[in-house]
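Take a look at the structure set out below.
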Amino acid sequence: MSLEKANAIVLRLIDFSETSRVVTLFTREFGKIGALAKGAYRQKGPFDSALDLLTRARVVFLRKSSGGLDLLTEAKLEHRFRPPNHDLSPLFAGYYVAELLLELTDEYDPHPELFDIAAQTLQALSSEENKHISPLILHFELSALRLLGHLPNLDQCVECGKTISTDGRVSFGQSSGGVLCQACRPGKRHVAQIHGDSLRTLQRYAHGSCENLQSISDPISGEVRGIINHTISHLLSREPKMQKHLQFLVDA
Ligand SMILES: [Zn+2]
């Protein structure tokens, strides 16, 4: 066993006994880990109320060498995820970020850039000024897909590599994994016709930073959401659980 320190986001908490909880953390240094937090419910203890969903904390844990749960020994609160009162949208969006990190990442497979983007996204969702949940979430989804190697081809035809023009309509092969040129499109199944503007939005969000995100206009928003929802559901082999609570992403 070795003692490790990490920056962590709390993704899941499960009661283990009357005093202990099993926590799933996404850490910047080690990727996802599962750890037992003994005495998690004590008011004054080593976890100091840092173990709440989507909290960011500095943690210390004993890493088990042979599988099994690590043992969390310390957690110090860095940022509490607390969206403005009476507004469920940022809360659901935060739960969705947690679900994607849980489902799309593997234990001990670190992705520091993804950690930083997740932390920024959760901080922005917590802020009073935030009115642009839709672009924040789109940026997070596309960054996660890119950093985890699941980004659909958005620039070149997925079959022949030809650069795709974003003038007019564009063919997006849902099961092919990206855009298709006119020559490669015939005979392909599950092809969506989308606006060039929708493709440009996807390209921009996949590579941009999360500073100064603009809201996405109709009807681009619905098309973009359709492509992203399909891509993520395909990866998970099911719809994300939070998806039914995220209808506002299209209506926004
Ligand atoms: Zn082609």
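The values are calculated or read from the model by the stated rules, or taken from the named source; none is laboratory data. Computed from a predicted model, the values in this text were never measured in an experiment. Every residue, glycine among them, receives a Cβ derived from its backbone with ideal geometry; neighbour counts consider all protein chains shown. Areas reflect the complete protein model, heavy atoms only, side chains present, ligands, DNA and RNA absent. Shrake-Rupley method; radii C 1.70, N 1.55, O 1.52, S 1.80 Å.
Brief remarks follow.
Rundown of residues vs (1) open to solvent by 60 Å² or more (accessible area, probe 1.4 Å); (2) touching a residue at least 12 places away in the same chain (Cβ under 8 Å), yes/no style:
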{"site": "Q123", "(1), (2)": "yes, yes"}
{"site": "P135", "(1), (2)": "no, yes"}
{"site": "L180", "(1), (2)": "no, yes"}
{"site": "A183", "(1), (2)": "yes, yes"}
{"site": "P186", "(1), (2)": "yes, no"}
{"site": "V191", "(1), (2)": "no, yes"}
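- Put simply, of D167, D116 the only residue that is more than 16 Å from the ligand (Cβ to nearest atom) and part of a loop (DSSP other than H, G, I, E, B) is D167.
- Test: residue in segment 52-65 that is open to solvent by 10 Å² or more (accessible area, probe 1.4 Å), more than 27 Å from P90 (Cα to Cα), under 26 Å from the mean Cα position of the chain (by Cα) and not aliphatic (A, V, I, L, M): yes
- Unique residue being over 21 Å from the mean Cα position of the chain (by Cα) and either modelled with pLDDT of 95 or more or not in a loop (DSSP other than H, G, I, E, B) (or both) when the list is K32, K76: K76
- All conditions in (1) free of Cβ contacts under 8 Å to residues at least 60 places away in the same chain; (2) outside the structural domain of R21 (by TED's automatic domain parsing); (3) closer than 17 Å to A8 by Cα hold for L72, with the sole exception of (2).
- Count of segment 171-186 residues which are within 12 Å of the ligand (Cβ to nearest atom) and more than 22 Å from the chain's Cα centre (by Cα): 11
- Top-ranked residue in segment 8-48 [being of a type in the set (V, I, T) and open to solvent by 10 Å² or more (accessible area, probe 1.4 Å); ranked as farthest from Y96 (Cα to Cα)]: T19
- Test result for K5, surrounded by 16 or more Cβ atoms within 10 Å (Cβ to Cβ) and basic (K, R): no
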